[in-house]
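Here is the structure we will look at, set down as structure tokens.
Each value in this text was obtained by applying a stated rule to the coordinates, not by laboratory testing. This one's a predicted model, so the numbers in the text were calculated from it and none came from an experiment. Cβ placement follows ideal geometry from the backbone for every residue including glycine, while neighbour counts extend to all protein chains displayed.
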Amino acid sequence: MPSTARTVRAQAPAVKVLPEPEGLPEPLPEPAVGDLRLENVLAALSDPLRLLIVRKLLLESEQFDHTCGWFGLDRPKSSLTHHFKALREAGVTRQRQYGLERRSQVRVTDLNARFPGLLDLVAAWTPPDGT
């Protein structure tokens, strides 16, 4: 008897999208929605730390946007600055300046409009142990 293989697709965890509060500072420079390029987004997400940052924002956000300290990453500040800048310049995250700190959020609506399903894949990704 021939065997039939069924593909069971796991459901991606629910992505949190919190409402935008009033009176936010203007975002730092970022590509417009129409200028988002898949190769730039994928390049930014190809780094495991950046992928982890985006996944954490998607699934664990406690407020509208977060400082780099919220992530609890044991990395030098200069390294984190580089990673957050790469995500912003690729159009994956939006950053706003609040005094001396920058806060980040994922551009969920923009990315879903340009690349449907991409953020579901990020949310469903399982980080390796020790990350």
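3J(HN,Hα) along the stretch 47-64: 7, x, 5, 5, 4, 5, 4, 5, 4, 5, 4, 5, 9, 10, 3, 9, 8, 4 Hz, from the Karplus curve 6.51 cos²θ - 1.76 cosθ + 1.60 with θ = phi - 60°, whole Hz, x for Gly and Pro. Distance between the pseudo-spin-label points of Trp70 and Leu38 (7 Å out from Cα toward the beta carbon): 3.0 nm. Compactness check for the stretch 58-131: Cα Rg over 2.2 N^0.38 Å is 1.15. Normalised by the number of residues in the chain, the average gap of Cα pairs under 8 Å and 6 or more apart makes the relative contact order 36 percent.
Post the alpha-carbon centroid distance, the stretch 10-73 to the stretch 105-130, in whole angstrom. The stretch 10-73 and the stretch 105-130 have Cα centres separated by 8 Å. Only Cα pairs within less than 10 Å get springs; with that Gaussian network setup on the chain, which residue of Pro13, Pro31, Pro76 has the largest fluctuation? Among Pro13, Pro31, Pro76, the largest mean-square fluctuation in the Gaussian network model of the chain belongs to Pro76. Along the chain, the longest continuous region that contains none of the trypsin sites (Lys or Arg not before Pro) in a DSSP loop with at most 14 other C-beta atoms within 10 Å is 38-131. Convex hull volume of the Cα atoms of the chain, normalised per residue: 139 Å³. The slack in the chain from Glu22 to Thr126, taken as 0.36 nm per residue of separation less the alpha-carbon distance, amounts to 34.0 nm.
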